[in-house]
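In what follows, a single structure is set out as structure tokens and then discussed.
Every number here is computed from the coordinates shown, using simple stated rules; none is lab data. For clarity, every value in this text was computed on a predicted model and none was experimentally measured. Positions of Cβ are generated from backbone atoms using ideal geometry, with glycine treated the same way; all protein chains shown enter the neighbour counts.
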Amino acid sequence: MNALHGVWGPRADDVWVVGDAGTILHRTAAGWVPSPSGTARNLWSLAGTSDGEVWAVGAAGTILHRPSR
């Protein structure tokens with residue numbers, strides 16, 4: 001398991017976590033689900049909006065965005 005560094009979520013059943021080697025996990029009502037990041041860089045922090053927009057930032061200026069559905 002990779003180290004985890006940042007957590008954000010608007011609700012208990014919609015929580016995102018980021019960590020080493022591009023790790024992104026999403027907690028839904030069904031439990032924790034890995035989400036592909038497309039990077040192997042460490043991710044340090046994340047933030048979002050209540051309508052599903054999520055941004056993650058990490059090493060070497062990495063910025064990832066997941067638009068709302």
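Annotation for residue 7 and residue 30: the two label points, set 7 Å from Cα along the Cα-Cβ direction, are 2.2 nm apart. Sorted fewest first by neighbouring Cβ atoms within 10 angstrom, 18, 7 come out as 7, 18. Extension gain for residue 51-residue 63 works out to 2.4 nm (0.36 nm per residue, less the C-alpha to C-alpha distance).
Considering only alpha-carbon pairs that sit under 8 angstrom and 6 or more positions apart, the relative contact order computed for the chain is 24 percent.
Ordering 46, 64 from the fewest to the most neighbouring beta carbons within 10 Å gives 64, 46. Comparing 15, 57, 33, which has the greatest mean-square fluctuation in the GNM of the chain with Cα pairs linked when under 10 Å apart? Looking only at 15, 57, 33, the biggest GNM fluctuation is shown by 33. Per-residue Cβ neighbour counts within 10 Å put 50, 45, 37 in the sequence 50, 45, 37, beginning with the fewest.
A Cβ-based charge dipole, computed about the Cα centre of the chain with Lys and Arg at +1 and Asp and Glu at -1, lands at about 80 debye.
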